[in-house]
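Quick notes on the structure that follows.
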Amino acid sequence: MSQHLLGAGVLKDHYEPLRNMADIEAIENIPLEQRITRWDFALNLLDGCRYDPNRVALYATHNGNVDGEVRTWTFGELEHRAIQCANLLRARGLGSDDVVAVVSPTVPGLFATMIGGLLAVRLFPINWMLDANGLADLMQRAEVKMVIALGPTPGFSIWENVRLAVSKQPNPPQVLTLHEAFSKPSQDDLLAAASEHPGDRLTFERQTAQRDSVACYVHSGGTTGHPKIVKILHAGMVFRHWAANNGLAFTRDDVVLSDTPLFHIGGLLVRGLVNTANGNTAVIPSIFGARDKTYIANYWRYIERFSITQVSGVPTTLSVLAKNPPTTENISSLRPYFATGSTAMAPAVQDRVAEVTGAQVLQSYGMTENTSHCTLDPRDGEVRRRCSGIRIPYVKLRIVKMGEGGTILRDCAIDEIGMVLVGGPGVAGGYLDSSQDKGAFLPNGFFVSGDLGSMDADGYLRISGREKDLIIRGGHNIEPGLIEEALLQSPYVALAAAVGKPDAHAGELPIAYVELHPGMHVSTEELLSFASERIPERPAVPKEIFILDKLPLTSVGKPMKHVLQMDAAKRVFESELQKLKCAWTIDMVNTGGSGLLTKLHLREASQEDRQAAEQILSTFSVPYEIAMH
């Protein structure tokens, strides 16, 4: 590790205790600018590669087979290939502001692509699970000049979707491919093409990035169905590097699992490139990541075989692991804490994971627009249940009451629920579509999260839920988390999501969707009874519970509530519209956030039929359109 990196406090051999807000404030007595003296994250990545070029940077196993063949890249090889990639991108006529989309699950070549991309162009990792239309939309909005995608691979439709998405572009971008560690490269393979370029030096003039330099684009998680493109700054990435190390006390000897996608901000940084910048070894267990059942079955053996020191995962993955604890595996290499996030973890699951691993689960809260997390449980302090930790150093956190038009009326009192605002060095440079900045990125430097939360006297943040996800029953605000937490206490329930269904009298009524653990069977009546005993607010008791084979989830394990809201509304309207005498079909449209639109199609209908349909739909608060065919 370069002396510059160590001297800047990005990575240390020893960290001071982090127990409470007093320790946070003590850290802040030294200005951040004295701790970080260079704001170019690409150079941090090169520092990580150069500390020990012979150390293994990447291990890769095939489809979760812990006993099978292992492919390795050293840090020297990683740096060499990354620089080759950077030189290739420039040789293809791309400039520093040109956008290169990356559509691939985690393979070794993806790390070289990311580092090379940050050195040479404006990187844009995209969710590889999107269909062709979703990919095409993001490519067009970002004006993508090149796409680097996983080539034809069994089990994936990425290549087919990318080709179709590219064909839809007004100016089709160049296309290169990546390959899985155990597959042969295709004709247009990025690494093969890059091998013709130098790997020991950049062949182009590169300006060192400044704090306000845009490093890459990252799109939002997509729980609304309409992902926004966020401009991530070098300042935010370098700060996140420092903050992750300070919060989790990373050392040069850490070995981590790389099993989360690198297209969302948490996977890209805290569970991805931060480790590379530290010179930490990463283990890629499967191209399918944590979705690979063989890998999850072998999870504890991976920790034993590769002496994994730090693990992380979304609560959905951790809840599965808690149900399948280690038996004879030696997991003593694990640190006494690790982080999770993306959704609140049920206390029972949190306690079970801690019992199974001997490591405390540190919860966090963050967002793409803040370049990942802004709070984290103190590693040496209290982990407070149902909370998301305390703010990390140098981050500004406010809980406020907001009025019409997004005006801030006042700061909330202790334990009072309000809108969560986030400020500080992690705040992104706004949205690519600047018209979306209004009401989100405020002139005073704060970002309006859209989340409701409260802060207790010790600085712990408790998130109540998305403002748009609140269930409003006759003017009474119901937090979905109350319902979800109660259901997750059931030994049968793996995942739960509560939404509101339209109601002509109350506006909305609470209902819930659940996914059961594999092999479990339980009736909805039993679940309703179970939840009723554990929900403190009677109006919050769900009117119905639906058991699904699979809950629709985003790439980071968050329930896609807009999909469930549409399903709930459709069920209600289909039931009510049975009164019509004509034939009809109904479509629910997500108009952004949790905004819904009902589209009713009447066939061979009279005006009386239309009036009857109007009378039914007008009793609900959901906007509607009626078309006669």
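The values are calculated or read from the model by the stated rules, or taken from the named source; none is laboratory data. Predicted, not measured: the structure shown is a model, and the values here were computed from it. Every residue, glycine as well, gets a Cβ built from its backbone with ideal geometry; the counts of neighbours run over all protein chains shown.
The sole residue among GLN360, GLN310 that is under 21 Å from LEU269 (Cα atoms), touching a helix residue (DSSP H, G or I) at 6+ places or on another chain (Cβ under 8 Å) and at pLDDT 85 or above is GLN310. Counting only helices (runs of 4 or more DSSP H) that sit completely within segment 1-116, those holding 1 or more residues that are surrounded by 22 or more Cβ atoms within 10 Å (Cβ to Cβ), out of contact with any strand residue (DSSP E or B) (no Cβ under 6 Å at 6 or more places or on another chain) and at pLDDT 95 or above correspond to 41-50, 75-91.
Condition check for LEU191 on (1) closer than 21 Å to SER258 by Cβ; (2) touching a strand residue (DSSP E or B) at 6+ places or on another chain (Cβ under 7 Å); (3) not aromatic (Phe, Trp, Tyr): one failure, at (2). Note on segment 483-519: residues that are at pLDDT below 90 and touching a Pro at 6+ places or on another chain (Cβ under 7 Å) total 1. Of the listed requirements (1) modelled with pLDDT of 85 or more; (2) in contact with a strand residue (DSSP E or B) (Cβ under 7 Å, 6 or more places away or on another chain); (3) surrounded by 12 or more Cβ atoms within 10 Å (Cβ to Cβ); (4) not polar (S, T, N, Q), HIS629 misses just one: (3).
Scanning segment 152-185 for residues that are touching a Pro at 6+ places or on another chain (Cβ under 6 Å) and modelled with pLDDT of 95 or more yields a count of 3.
Pairs linking a residue in segment 487-511 that is at positive phi to a residue that is outside any loop (DSSP other than H, G, I, E, B), with Cβ atoms under 9 Å and 6 or more positions apart or on different chains, are GLY507/ILE472; GLY507/ARG473; GLY507/GLY500.
Within segment 176-193, identify whether any single residue is touching a Cys at 6+ places or on another chain (Cβ under 8 Å) and either in contact (Cβ under 8 Å) with a residue 12 or more places away in the chain or surrounded by 15 or more Cβ atoms within 10 Å (Cβ to Cβ) (or both), and answer yes or no. Within segment 176-193 (the criterion being touching a Cys at 6+ places or on another chain (Cβ under 8 Å) and either in contact (Cβ under 8 Å) with a residue 12 or more places away in the chain or surrounded by 15 or more Cβ atoms within 10 Å (Cβ to Cβ) (or both)), the answer is yes, since at least one residue qualifies. If you check ARG379, ARG385 for being touching a Pro at 6+ places or on another chain (Cβ under 6 Å) and either of a type in the set (Val, Ile, Thr) or in a loop (DSSP other than H, G, I, E, B) (or both), only one passes: ARG385.
Regarding segment 133-146, can at least one residue be identified that is among the polar types (S, T, N, Q), part of a loop (DSSP other than H, G, I, E, B) and either over 22 Å from the mean Cα position of the chain (by Cα) or at negative phi (or both)? No, that holds for no residue.
The single condition from (1) of a type in the set (A, V, I, L, M); (2) at pLDDT below 95; (3) in contact with a strand residue (DSSP E or B) (Cβ under 9 Å, 6 or more places away or on another chain) that ALA149 fails is (2).
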